[in-house]
1. For B:172-181, what's the mean count of beta carbons from other chains sitting within 10 Å of each residue's beta carbon?
2. At 1.4 Å probe size, with the rest of the protein present, what percent of the exposed accessible area of chain A is carbon and sulfur atoms?
3. Under a 10 Å cutoff between Cα atoms, tell me which one of B:96, B:111, B:141 has the largest fluctuation in the Gaussian network model of chain B.
4. Give me the tail of P(r) for the range A:1-43 as a percent: Cα-Cα pairs with distance above 15 Å.
5. Give the residue list of GluC sites (Glu not before Pro) in the range A:22-117 that are DSSP loop and have at most 14 other beta-carbon atoms within 10 angstrom.
6. Chymotrypsin sites (Phe, Trp or Tyr not before Pro) within the range B:103-159: which are DSSP loop residues with at most 13 other Cβ atoms inside 10 Å?
7. Run through all the Cα pairs of the range A:29-87 and give the fraction in each 10 Å bin from 0, expressed as whole percent.
8. Could you tell me which of the pairs A:22/A:64; A:64/A:101; B:80/B:113; A:156/B:188; A:44/A:64; B:44/B:101 are separated by over 22 angstrom between their Cα atoms in the structure shown?
There are 2 protein chains.
Amino acid sequence: MEKKENIIESAQKLFSRFGFLKTTVDEIAKAARMGKASIYHYFKSKEDIFREVVEKERQILSGKTREAIERENTPQDKIKAFIVTRMECLSELANIYDALKNEYLEHYAFIEKARAANFREEIETVKAILQDGVNDGVFEIYDIELTSFAIITALKGLEYPWTIEIPSHEIEKNIDKLLDILFNGIVKR
Amino acid sequence: MEKKENIIESAQKLFSRFGFLKTTVDEIAKAARMGKASIYHYFKSKEDIFREVVEKERQILSGKTREAIERENTPQDKIKAFIVTRMECLSELANIYDALKNEYLEHYAFIEKARAANFREEIETVKAILQDGVNDGVFEIYDIELTSFAIITALKGLEYPWTIEIPSHEIEKNIDKLLDILFNGIVKR
DNA sequence: GAATCGACCAAAAAACGAATATAGTCGAGA
DNA sequence: TCTCGACTATATTCGTTTTTTGGTCGATTC
């Protein structure tokens, strides 16, 4: 399966640079040093190639996020690790970012599936951390599923397509403040 | 100034329906029962018309939000009133929604200004409520500006262009849960 | 003088048809 | 089995023409 991996690697680079729509199968073939028609021996379609590239990046994202979480001890630090690692990875893995965010890709069924799966995975990850926190007596939460949902929603605000310029150190402070609010709330203790 | 108000009203309807870009000055003139050239006696440009329409809606939004907040007694209820009223109004006032969100309008300087002004107003509104809460001994907050910023960020998650379908009762529950987290946090008290 | 609008203009947008590019197929050859 | 040149239907791009649009100007009316 060396040829197939070679194609995936070439495609990953080109898709990252030019996006799914602007990258041609011919370009992928050339970068993989083969004829275009040969690509179809290994993949059913251009979409199939992209799906496998996105899956590869999803596995990288999952792996790094899991590692970062496992490196921490408190549920608070685990949540922070989840948020920070995820943001860092998404800014590097251009293809999965596209798959999740690019509105021009919305109408592809496989993109819809990838987005639903990603959302589910985020919820499950946060749920697991929250459950541990509750089991350890650190967190007090009555509806873990809904709380996970709310947290993911709040985090989406960090990804919001801000239409005004915000300095990046403000975003970091913002993350820390969001975490502070998440853990302690604003009502006097 | 009756003629000018008539133009604004006609324009508001047409802009709401077709958007700024797709509405022509000729259509506005016809709806206002005058010749196109007469519009330019009252307004400098098409952009000028839109600016005034957006300003009119901003005042409606501001007014309703302020009323809703003043109707409440506790800082918690005031924050909720702010969030709920704002979401309701934005879903009705199509022109200010466009001005704030539509990426095809981004390059107009007056849109940029409107967005910055709106953001500032949101921050100031939340800050005022938080300050009252602190003064009343209900909230305990060390950086009110940053906290306001974080809250607005989290609320942006509710406006996130979700690329997967979410039932609307889930969104309501999500608001309540977000408020619960905002007030009480998740760390055991 | 203020308000109105038909005629006009430059530039932008839309429409159109021809040319080119693209994803995918097929069959011959190694 | 793997490779790829030749091929096809369709999509995209391109250049040109036509139409539309925002805005201006000057004559007319009140």
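The values are calculated or read from the model by the stated rules, or taken from the named source; none is laboratory data. The structure displayed is predicted, hence computed values, not measured ones. Note that we place each Cβ from the backbone using ideal geometry, even for glycine, and neighbour counts take in every protein chain shown. Quick note on the areas: whole protein, heavy atoms, side chains included, nothing else; ligands and nucleic acids left out. Shrake-Rupley method; radii C 1.70, N 1.55, O 1.52, S 1.80 Å.
1. Mean partner shielding for this stretch: 5.
2. Carbon and sulfur together cover 50 percent of it.
3. Looking only at B:96, B:111, B:141, the largest GNM fluctuation is found for B:141.
4. When every Cα pair of the range A:1-43 is considered, 31 percent fall beyond 15 Å.
5. A:106
6. Loop-located and lightly packed - B:142.
7. 21, 31, 18, 18, 11, 1
8. Numbers: A:22/A:64 29 Å; A:64/A:101 20 Å; B:80/B:113 27 Å; A:156/B:188 25 Å; A:44/A:64 30 Å; B:44/B:101 25 Å.
Too far apart for the 22 Å limit: A:22/A:64; B:80/B:113; A:156/B:188; A:44/A:64; B:44/B:101.
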